Every structure is written in C-alpha cells, then in structure tokens.
Amino acid sequence: MTFHLQTMSKRIEAPQGASFLDELNTNWNDHNKALQMIRDILMYMDRTFIPSTHKTTVYELGLNLWRDHVIRSSKIQQHLLNALLELIHKERTGEVINRGLMRNIIKMLMDLGPSVYQEDFEKPFLEVFVDFYRAESQKFIECSDCANYLKKAERRLNEEIERLSHYLDAKTEAKITNVLEKKDYSQPHD
C-alpha cells in the first residue's frame, strides 16, 4: 500500500491550481473506497485480533498511510495549504469558488484526525484571517466613518460564519470569534 500511495502522491502533486484539488479529491475518494472494502474483508480480524493486541485497525492504518505518504509529503503539504488559502482569499474578494470541493478537502483533513486539520490547515488559516482583516480594516478606517466601518465589519463576520457553515469545521467558529474579540484590527501588526 505504501508504494501505491507514493505513486499516487506523484500523480497528485503534478497538477496546479484547482485541478490539483480535484486530483487530490478524486484520489482520496478512491483510496477511501478501497480502505472501506479492505476493512469489510478484514472485519473479523479487526473485531477479534486488534482489540486483544492493542494494534491499530486496518482502516486507521490506511488513513495514517494516506496522511504520511500523501498529505504530509514534501511537495503536497504546502501546495495543499496554499491552494486552500488561495480559494478562501478568492471567495473573500468576491469570486465564486467550488464550495463542494472545499468541503470535501477540509472533511478529508478532519477525517485524518483533529491534529491534521488543526496543524496543517486551521492554524495557518487563522493567521491569514488576522492578516487579511487587519489590512482590510486599516484601509476602510482611513476612508470611512465609524458607522460604515461597523456595518462592514458585521457583514464580514456574517460572511465568515457562512463560510464556516459551508466547508470549515464548526469548532473553528469559536477560534475565529476568539481572534476577533482579542484583536484590534485598527492597529498595525506587531
């Protein structure tokens, strides 16, 4: 399986832009279906042998291999993060994106474990979130009054909440709210 995933990883890393995410999503779906079939075939072993020996289940092993050989491969990990953040930026600036694809990729990261989602996506997402809104609020404060600033801030918050409901993990909402409450975006970045 490791050799197969390394070959698949090379196929995934080749495309650029949205086709990269499409290729990743297609290969993830194929891998996940294969894992489910393998799990079904080895169900008896998973139910009897695995618990008594404290070993990892077949399905979890398959997820771990996907994480290690595909998602965290040197060429895919940063490419994936950049592609996701680029799509979110496009959506924030008014472009229409494929939310279904985003939801599938984000769900894949969550399926690989909370630490994968948090470390590989959520933490950098929150950093970019702060930088984006700090720059935007600074521009808007310079050319607008307080009432208009507050209206825009409320609209942007609603957009982020909508984004959360469409493709981000619900637990990210509390972190976004926490960031918004603790930050003063009118001040330059430290």
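We did not get these values from a lab; they are worked out from the coordinates using the rules stated. Keep in mind it's a predicted model, so treat the numbers as computed, not measured. Using ideal geometry, Cβ is built from the backbone for each residue, glycine included, and neighbour counts are taken over all protein chains shown.
Fewest first, what order do Leu112, Leu80 take by the number of other Cβ atoms within 10 Å? Could you put the intermediate results ahead of the total?
On the way: Leu112 20, Leu80 24.
Lowest count first: Leu112, Leu80.
Can you tell me how much longer the chain between Asp111 and Arg155 gets when fully stretched, taken as 0.36 nm per residue apart minus their C-alpha distance, in nm with one decimal? Please list the in-between numbers first.
Details: separation 44, 0.36 × 44 = 15.84 nm, distance 3.11 nm.
Contour length minus the Cα-Cα distance gives 12.7 nm.
Relative contact order, percent, of the stretch 52-126 when contacts are C-alpha pairs under 8 Å separated by at least 6 residues? It would help to have the intermediate numbers written out before the result.
Working: 21 pairs, mean separation 19.9, N = 75.
Worked out over the stretch 52-126, it gives 27 percent.
With a cut-off of 11 Å, note down the residues of the stretch 90-118 whose backbone N falls inside the zone around a label point 7 Å from the Cα of Gln138 toward its beta carbon.
none
Got the relative contact order for the chain handy, in percent, Cα pairs under 8 Å and 6 or more residues apart? List each step's numbers first, then the result.
On the way: 108 pairs, mean separation 40.3, N = 190.
For the chain, the relative contact order is 21 percent.
In nm, what is the difference between 0.36 nm times the number of residues separating Ser74 and Lys123 and their Cα-Cα distance? Please report the intermediate quantities before stating the final value.
Values: separation 49, 0.36 × 49 = 17.64 nm, distance 1.85 nm.
Residue separation times 0.36 nm, minus the Cα-Cα distance, leaves 15.8 nm.
Can you put Tyr117, Tyr44 in order, fewest other beta carbons within 10 Å first? Don't skip to the end; give the middle numbers.
Numbers: Tyr117 22, Tyr44 8.
The order, fewest Cβ neighbours first, is Tyr44, Tyr117.
Quick one: grab the alpha carbon gyration tensor of the stretch 125-173, order the square roots of its eigenvalues as a ≥ b ≥ c, and give me rounded if a/c is under 1.5, else prolate or oblate depending on whether a/b is larger than b/c.
Numbers: a/c = 3.87, a/b = 1.79, b/c = 2.17.
Oblate.
Can you tell me which aspartates and glutamates have their Cα less than 18 Å from the Cα of Lys90? Leave out same-chain residues fewer than eight positions away.
Asp22, Glu122, Glu127, Asp131, Glu136, Glu159, Glu160, Glu162
If I model a spin label as a point 7 Å beyond the Cα along the Cα-Cβ vector, how far apart are those points for Glu95 and Thr48 in nm?
5.5 nm
With 10 angstrom as the radius, rank Tyr59, Tyr167 by how many other C-beta atoms surround their C-beta, starting from the fewest. Present the calculation step by step, with values, prior to reporting the outcome.
Working: Tyr59 17, Tyr167 21.
Sorted ascending by nearby Cβ count, the order is Tyr59, Tyr167.
Would you kindly give the portion of the calculated P(r) for the stretch 28-107 that falls above 14 Å, as a percent of all Cα pairs? Don't skip to the end; give the middle numbers.
Working: 2263 of 3160 pairs.
Considering the stretch 28-107, 72 percent of its Cα-Cα pairs are separated by more than 14 Å.
Pulled fully out, how much extra length does the chain show between Ala170 and Asn32, if you take 0.36 nm times their separation in residues and subtract their Cα-Cα distance?
That works out to 47.4 nm of additional length.
Over the stretch 1-78, what relative contact order in percent results from Cα pairs under 8 Å that are six or more residues apart?
Working: 41 pairs, mean separation 33.0, N = 78.
With pairs under 8 Å counted, the relative contact order is 42 percent.
Mean shadow of the chain, computed from the convex hull of its alpha carbons, in nm²?
Details: hull surface 52.0 nm².
Computing the convex hull of the Cα atoms and averaging its projections yields 13.0 nm².
Taking θ = phi - 60°, what integer Hz values does the Karplus form 6.51 cos²θ - 1.76 cosθ + 1.60 yield along the stretch 119-131, in sequence order, with x for Gly and Pro?
My calculation for the stretch 119-131 gives 6, 7, 10, 4, 4, x, 4, 5, 5, 5, 4, 4, 4 Hz in order.
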